[in-house]
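In what follows, a single structure is set out as structure tokens and then discussed.
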Amino acid sequence: MSDWTGQAHLLADAIREPGFACAALNAAAWAAGVNPEATAGLIGAATALTSGDCGSQLWAQADPLPNDQELLAAAAELEGAVAQLLRYATAMARDCQADLESAVNRLAAAGAAEAAAQRQLAAAATAVQASAAQAALDAAGSAKSEALAVIADCEAALEILSEAGSRLAHAANCLRRVPDDLAGTYETPYAFVHDGGKLPYDGEFLLAGISYEAV
């Protein structure tokens, strides 16, 4: 007997971990004085993956990130983790759908076998024939019940997987835009450094270690 619903629930729980990690990264960025506009992607991913349960963790106390390079590297790592979970969710949904279709076919076959056994039982002329027909009827009934259970399991799982997949896809898109959000928010200082300017050091996020590679 399959347990697709149980597996789907495990996946739905698993995607919360990178969501809270996004929230923690956002908190560390804000602790460094990063403009919230630059971390909109982190907030979107955290909210989607935790179903909005990340709330206070977005601005919790955290050690400040030392520079933009670490923010970009951490966001890229989270994007990879989310993408891997999305691939897993997609594969699980595909296999679950195939199991569902197989169960539907088995249900149809069991229904046909049940109808045939009922006809045989009605036409039985001897105790032996009646016994054989009844055995066939019982077997068809069992097959029908098993198929119905798998169908119910798969349908429930596919609903969970669809929601989890949508949240993962949205989170991946949010994380993918973090570099652009950062570059757009800090366009002026990035351009200044690109043109050879030197930023004064005062312990703030970009000023402490701006990444030339991000320009």
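List of remarks:
- Residue in the range 116-133 that is in contact with a Lys or Arg (Cβ under 8 Å, 6 or more places away or on another chain) and either at negative phi or surrounded by 14 or more Cβ atoms within 10 Å (Cβ to Cβ) (or both) present: no
- Hey, Q61 over 17 Å from L168 (Cα atoms) and outside any helix (DSSP H, G or I) or not: yes
- Residue in the range 174-195 that is outside any helix (DSSP H, G or I), modelled with pLDDT under 95, buried (at least 18 other Cβ atoms within 10 Å of the Cβ) and touching a helix residue (DSSP H, G or I) at 6+ places or on another chain (Cβ under 7 Å) present: yes
- Cβ pairs under 8 Å, 6+ apart, first in the range 87-113 and more than 20 Å from G6 (Cβ to Cβ), second at pLDDT 95 or above and among the acidic types (D, E): R106/E146
- Residue within the range 54-72 that is within 17 Å of the chain's Cα centre (by Cα) and surrounded by fewer than 19 Cβ atoms within 10 Å (Cβ to Cβ) present: no
The values are calculated or read from the model by the stated rules, or taken from the named source; none is laboratory data. Here the structure is a predicted model, which is why all the values come from computation and not from measurement. Using ideal geometry, Cβ is built from the backbone for each residue, glycine included, and neighbour counts are taken over all protein chains shown.
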